[in-house]
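Here is the structure we will look at, set down as structure tokens.
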Amino acid sequence: MFGEPGHAYVYFIYGNHYCMNAVCRPAGVAEAVLIRAVETNLGEKLMRERRPVEATRNLTNGPGKLCLAMDIERDLDGADLCNAQSPVFIARNPAAARFRRERGPLVATRRVGLTKAADLPLRFYLAGSAFVSQRKLGQSR
């Protein structure tokens with residue numbers, strides 16, 4: 001989390017799951033965004049091989065589930081999320097405005113699974129996405 005901005009911070013939590021964050025601040029400053037969920041528009045068949053579930057939304061609707069389905073483990077710690085040649089990256093979506101309109105509005109809630117500063121509205125998601133877990137935790141719009 002203290003690494004270069006735009007890179008992955010991957011860690012093992014509770015002795016059971018990997019989680020991935022996108023580092024946001026300059027090296028030496030600990031600030032990152034936890035990637036909690038993604039919609040499975042590409043690669044669903046491969047994700048289901050790694051994480052066989054009934055409902056598609058359950059493939060990636062939590063940080064541990066997402067990492068398992070996408071085969072994200074500690075070896076991807078430090079990956080350049082801004083480089084399309086990287087094994088994991090965040091791509092620009094040319095249809096982002098339409099995507100946000102269709103799945104909006106943007107919702108801000110309190111964070112999940114924390115005790116320190118737990119009431120701060122630092123968790124964001126699109127209300128119309130089926131891939132969001134634990135909705136309406138201190139929700140505001």
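Just to be sure I understand, how many residues within the range 10-39 are in contact with a helix residue (DSSP H, G or I) (Cβ under 8 Å, 6 or more places away or on another chain) and over 19 Å from residue 82 (Cα atoms)?
Number satisfying all stated conditions: 6.
Can you name the number of the only condition in (1) small (Gly, Ala, Ser); (2) crowded, with 18+ Cβ neighbours inside 10 Å; (3) over 19 Å from residue 11 (Cβ atoms) that residue 84 fails?
The one condition residue 84 does not meet is (2).
Tally up the residues in the range 94-122 that are at pLDDT 90 or above and of a type outside the set (Val, Ile, Thr), please.
Total satisfying the criteria: 14.
Return the total of residues in the range 13-26 being free of Cβ contacts under 8 Å to residues at least 24 places away in the same chain and within 9 Å of the chain's Cα centre (by Cα).
Number satisfying all stated conditions: 1.
Give the residues of the range 27-55 that are polar (S, T, N, Q) and without any contact (Cβ under 8 Å) to a residue 40 or more places away in the chain, sorted by residue number.
Correct list: 41 only.
Out of 96, 79, 108, 127, report the one residue that is out of contact with any Pro (no Cβ under 9 Å at 6 or more places or on another chain) and of a type in the set (A, V, I, L, M).
From the options 96, 79, 108, 127, the qualifying one is 96.
Mind checking which residues of the range 40-67 are closer than 18 Å to residue 18 by Cα and either touching a helix residue (DSSP H, G or I) at 6+ places or on another chain (Cβ under 6 Å) or charged (D, E, K, R) (or both)?
Of everything in the range 40-67, those that are closer than 18 Å to residue 18 by Cα and either touching a helix residue (DSSP H, G or I) at 6+ places or on another chain (Cβ under 6 Å) or charged (D, E, K, R) (or both) turn out to be 47, 48, 49, 50, 51, 59, 60, 65.
Scan the range 37-49 and give yes if some residue there is at pLDDT 95 or above and of a type in the set (Ser, Thr, Tyr), otherwise no.
There is no residue in the range 37-49 that is at pLDDT 95 or above and of a type in the set (Ser, Thr, Tyr).
Could you tell me which of the residues 102, 54 is more than 30 Å from residue 2 (Cα to Cα), in the same structural domain as residue 11 (by TED's automatic domain parsing) and loosely packed, with under 13 Cβ neighbours inside 10 Å?
That would be 54, the only listed residue that is more than 30 Å from residue 2 (Cα to Cα), in the same structural domain as residue 11 (by TED's automatic domain parsing) and loosely packed, with under 13 Cβ neighbours inside 10 Å.
Just to be sure, is residue 86 of a type in the set (Gly, Ala, Ser) and in contact (Cβ under 8 Å) with a residue 12 or more places away in the chain?
In short, no.
Can you tell me which residues in the range 60-77 are touching a residue at least 60 places away in the same chain (Cβ under 8 Å) and surrounded by 15 or more Cβ atoms within 10 Å (Cβ to Cβ)?
60, 61, 62, 72, 76, 77 - these are the residues of the range 60-77 that are touching a residue at least 60 places away in the same chain (Cβ under 8 Å) and surrounded by 15 or more Cβ atoms within 10 Å (Cβ to Cβ).
The values are calculated or read from the model by the stated rules, or taken from the named source; none is laboratory data. Bear in mind that the values here come from a model prediction, so they are computed numbers and not experimental data. Cβ coordinates were reconstructed from backbone atoms using ideal geometry, including for glycine residues, and neighbour counts include every protein chain displayed.
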